[in-house]
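Structure record follows, encoded as structure tokens.
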Amino acid sequence: MRSLFALLLAGLLAAAAPARADTELTFYYPIAVGGPLTKVIDGLARDFEKEHPGIKVHPIYAGNYDDARIKALAALKAGQPAQISVLYSIDLYELLEQDVIVPWDDVATTADDKAWLKAFYPSLMMNGTYKGKVYGIPFQRSTIVLFWNKDAFKEVGLDPEKPPATWNEMTQMATKLVKRDAAGNVVRWGVMVPSTGYTYWMFQAFARQNGHDLMNPEGNRTIFADPDVIAALQYWRDLGAKYRVMPEGTIEWGTLRQAFTEGKTAMMWHTTGNLTAVKDTAKFPFGVAMLPASKQRGSPTGGGNFYMFKKTTREERKAALAFVKWMTTPERAAAWSIATGYVATRPDAYETPKLKDYARDFPQAVVARDQLKYATAELSTFQTGRVRKLLDDAIQAALTGQKTPAAALQAAQAEADRLLKPYR
Amino acid sequence: MKHVYGWLLLTPAAILLVGFTHYPAAATLVDSFFSTGTAIRPSRFIGFGNYALLAEDPIFWKVLGNNLWFALGTIPTSIALAILMAVWVNDRLPARALVRMAYFTPTVLPMIAVANIWLFFYTPQIGLVDQFRALFGAPSHNWLGDPGTVLACLMVMVIWKEAGFFMIFYLAALQSLPPELEEAAKIEGASRWHFFRRVMFPLLMPTTLFVLVNATINSFKLVDHLFILTKGGPDNASSLLLYYIYQVAFSFFDTAYASTLTVVLLALLAGLALVQFHLVEKRVHYR
Amino acid sequence: MSPAGRRASTLETSAAWLLALLWLAPLLYAFWAAFHPVEYATRFNPLAPVTLANFAKAWTYAPFARHFLNTVMLVTMILAAQLVLCTLAGYAFARFDFAGRDIAFGLVLVQLLIMPEVLIVENYRIMSRLGLVDTLLGIGLPYMASAFGIFLLRQTFKTVPRELEDAARVEGCSVLGVLWRVYVPLARPTYLAYGLVSVSYHWNNFLWPLIVTNTVETRPLTVGLAIFGAPESGVDWGVISAGTLMAVAPLLVAFVLFQRQFMQSFMQAGIK
């Protein structure tokens, strides 16, 4: 009896002590584009483990960006393991306020590591940097581009290879492109810019093109009520209300692609993340261009960055660095860009044979890269959820004619000032 | 002994009920008097501070108003349709089983799935509603993007979802009416409408009250479709109180303010409870 | 069922049919979009080719198999717990005259109004304190003691003649023995009705599961469907319709097969 007990005990002890101490990384990530991408991530994690014995990676697919943030924070609070996560680039301030992340500079100490931190496009680093330290490593990043239907351009006598380069050109072309039936009902609009889901993001493009960003780099002040910003919203509103080249009211983000591929609008502004899907469904030749300029070109960047959490051991941080470096090599950035339509995050990725070949057959894929030099950070402040909703509501109120652009934006600015005062 | 047994039998359910209904309801009230804590700033007692914010929060008043319109817009219509359906299905209608099934089907479908499909209905130009209207030469309309129509569109969907469910209760009530009633009315030569108004409708009153209360509770509780269709937009034109609570709690992380909003919702529901209690008392509901 | 009423007039028949068609339209449309290539999603051509590609795509886009499993486990777990807890409590309220019974019953009925979805903020906090965030138990726990179930069973148990209980007692049955041998068998129709209503409710429930789940391992179908239905790149109607149909199929098929039972269950559960 006693020997049996001893045997059991020995068995239990053996089971409790692992053969070798693996460093385990739990890694939350969102997927915001359709497609079986979770399998791709799982496959990448397995490949990494093969090359790095001693590190185990558990990727956890957490839904969309909002889910991923909520889930990762909940896991941290509940004491469940979470070392790294891909989260919205604009969650930075929220994560700082919750005091859950550490800068990559803390672990990236070798010369090679430091060079790696500088390998990405500067405009993609804006949302990840706070007070000179890098908290977010770009992973799946997008910008807004203009899609145009070449057949529609040809039909109305426009050069199908020449997209609008300025606001004026866009208005004029769009006016020509509007098609009505015998009864005078519009069967094709000139241009559509979505105004649900990511309203503030689209608006940032207008504002940037008109010369202004919407917040300061410290994330504690918004610039909604500047005359240039108000004029930008006025232009967006006018596309529907004055020039009649866009439907009035808000335009649904989710169904816009379908409207474009069905030929119901000749141009649309949408995320580069949509490129692959449009390519697969459009039955007509289409082009992708940089967004038109008013005072300058411009688009915000968007998407997800790698963050490292504070509650991590030294070994885990080292392993996390190794994993994220591995995930962002030029080859993998290129492959991920091709699989998703996202921007490849670093210039040398565009020099890889794989992406070069792809771009030769499908030149639309590099437009987003070319636009990066005009790009700016996505709207992100302290209290970011509230501030974003304030702006969304203001834009929608203006687009639906409930308020004038000036009144809507001034009210939003006043409210944002109230929210952000404690952070100054 | 009966005391012991009674409580013993009740205990497992009681623990869960207290734990997930009564305790959280009380905790919500307590939380509404504190500020939301963050890692940098801990939570502290602020008295009615959250309520003062609430009184000045235009979005709160907007969603409360929406909830009211939503209830007014959906409940009477669903009930009228439910009665109509029940009367039809109770008749000797050709293919009656099929018709009855059609009416009831929305009840067994999840709101989230239904919303996906209705999104395609309402899409401008290529959606079903606009395609149908185009047959008559009507211009396309931006149904969900126009603050003037968005709430009505959601109401139509909810009426579709609920009418068949309410029909069931009327059907049960109709089947318990004595058939001689209608025979008698026929002999007297009363018109169908007259019979319905003077005889049937009053007899259905208890069912109507029951459905009314349920429908009102539902109108505060049912927000699933907003996640797919409008996210409360444009500019909160279609947002409802519970959806706003969700946004404040889980996207602004302001749990204290969310608790304050929840207190309002609880107070509204408690008010309803009182109304219901009165109605129920009157018709001696409890056996 | 009582005998059917008069025969409907032609006009009314047509109106009833038209309404039925309208009521089925969303489902019919979903079938159309799901079984045809995407370019026919908005074009109704009877000659459009039929395809299963949308289903294949939907199946690979989201872990539907896992969501199905989660939903089935969740619904089963909740129902099992509800049946046990509500039977015990319903029996206590129906047949035991214990101190504080009426107050306790009143407190139980509070849940009919304040359902768990209203208390999302506080219940989420409780779950994270209990370490039950992102578990099936965490989704199910707030619903297990169902006031509706307790009320329903109390009403049913009250209709059981006392003599049956006394007879069982004489034969030496314990309290639980009487419950099991006498009350439970006689309440079978109520159990069936309640079961169907509960399964439908939790198969379709969305808000609380959305809040309390984090990962594919726990998400039920509704939550999976919501995430699947709103990608950043916009929606593909055919694929979404296919996914939607897959998610509703089990319940829908069960409903079509046992529609009479379903409707009577909802009816019975409602008029008690």
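The values are calculated or read from the model by the stated rules, or taken from the named source; none is laboratory data. From a predicted model like this one, the values you see are computed outputs, not experimental measurements. Glycine also receives a Cβ, built like all others from the backbone with ideal geometry; neighbour counts cover every protein chain displayed.
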- Message: Any residue that is more than 8 Å from chain C (Cβ to nearest Cβ), under 21 Å from B:Arg92 (Cβ atoms), assigned to a loop (DSSP other than H, G, I, E, B) and free of Cβ contacts under 8 Å to residues at least 40 places away in the same chain - is there at least one of those in region B:164-176?
- Response: no
- Given the conditions (1) farther than 27 Å from C:Ala242 by Cα; (2) in contact with a helix residue (DSSP H, G or I) (Cβ under 9 Å, 6 or more places away or on another chain), and given that B:Gly137 satisfies all but one, which numbered condition is not satisfied? (2)
- Within region C:209-222, of all residues that are surrounded by fewer than 23 Cβ atoms within 10 Å (Cβ to Cβ) and in contact with an Asp or Glu (Cβ under 7 Å, 6 or more places away or on another chain), the one farthest from C:Leu79 (Cα to Cα) is C:Thr215
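The rows are residues; the columns are (1) among the hydrophobic types (A, V, I, L, M, F, W, C); (2) modelled with pLDDT of 95 or more; (3) over 19 Å from the mean Cα position of the chain (by Cα).
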| site | (1), (2), (3) |
| --- | --- |
| B:Arg100 | no, no, yes |
| B:Thr107 | no, no, no |
| B:Ala113 | yes, no, no |
| B:Pro124 | no, no, yes |
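Being more than 9 Å from chain B (Cβ to nearest Cβ), buried (at least 19 other Cβ atoms within 10 Å of the Cβ) and part of a loop (DSSP other than H, G, I, E, B) is the filter here; which residues of region A:244-262 pass it?
A:Val245, A:Met246
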- For A:Thr175, state whether it is in a loop (DSSP other than H, G, I, E, B) and either farther than 28 Å from A:Lys77 by Cα or charged (D, E, K, R) (or both). no
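Do any helices (runs of 4 or more DSSP H) entirely within region C:100-207 hold 3 or more residues that are touching a Lys or Arg at 6+ places or on another chain (Cβ under 9 Å), in contact (Cβ under 8 Å) with a residue 40 or more places away in the chain and surrounded by 16 or more Cβ atoms within 10 Å (Cβ to Cβ), and if so, which?
C:147-158
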- Query: With B:Leu226, B:Leu209 as the choices, which residue is surrounded by fewer than 21 Cβ atoms within 10 Å (Cβ to Cβ), touching a residue at least 12 places away in the same chain (Cβ under 8 Å) and either outside any loop (DSSP other than H, G, I, E, B) or within 14 Å of chain A (Cβ to nearest Cβ) (or both)?
  - Reply: B:Leu209
- Item | Unique match (being buried (at least 24 other Cβ atoms within 10 Å of the Cβ), farther than 21 Å from B:Tyr122 by Cβ and either within 14 Å of chain B (Cβ to nearest Cβ) or basic (Lys, Arg) (or both)) among A:Ala241, A:Ala266 | A:Ala266
- Task: Would you tally the residues in region B:101-125 being more than 8 Å from chain C (Cβ to nearest Cβ) and not in a helix (DSSP H, G or I)?
- Result: 3
- Message: Can you report the number of residues in region A:76-95 which are out of contact with any Phe, Trp or Tyr (no Cβ under 7 Å at 6 or more places or on another chain) and either farther than 20 Å from A:Val134 by Cα or modelled with pLDDT of 90 or more (or both)?
- Response: 5
- Task: Kindly list, by first and then second residue, each pair from a residue in region B:126-144 that is facing chain A (nearest Cβ under 7 Å) and touching a residue at least 40 places away in the same chain (Cβ under 8 Å) to a residue that is among the aromatic types (Phe, Trp, Tyr) and surrounded by 16 or more Cβ atoms within 10 Å (Cβ to Cβ), limited to pairs with Cβ atoms under 9 Å and residues at least 6 apart or on different chains.
- Result: B:Leu144/B:Tyr122
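Quick grid of which residues meet (1) assigned by TED's automatic domain parsing to the domain that holds A:Arg297; (2) crowded, with 19+ Cβ neighbours inside 10 Å; (3) farther than 23 Å from B:Thr255 by Cα:
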site	(1), (2), (3)
A:Trp336	no, yes, yes
A:Arg346	no, yes, yes
A:Asp370	no, no, yes
A:Thr381	yes, yes, no
A:Arg388	yes, yes, no
A:Ala397	yes, yes, yes
A:Gly401	yes, no, yes
A:Pro405	yes, yes, yes
A:Gln413	yes, yes, yes
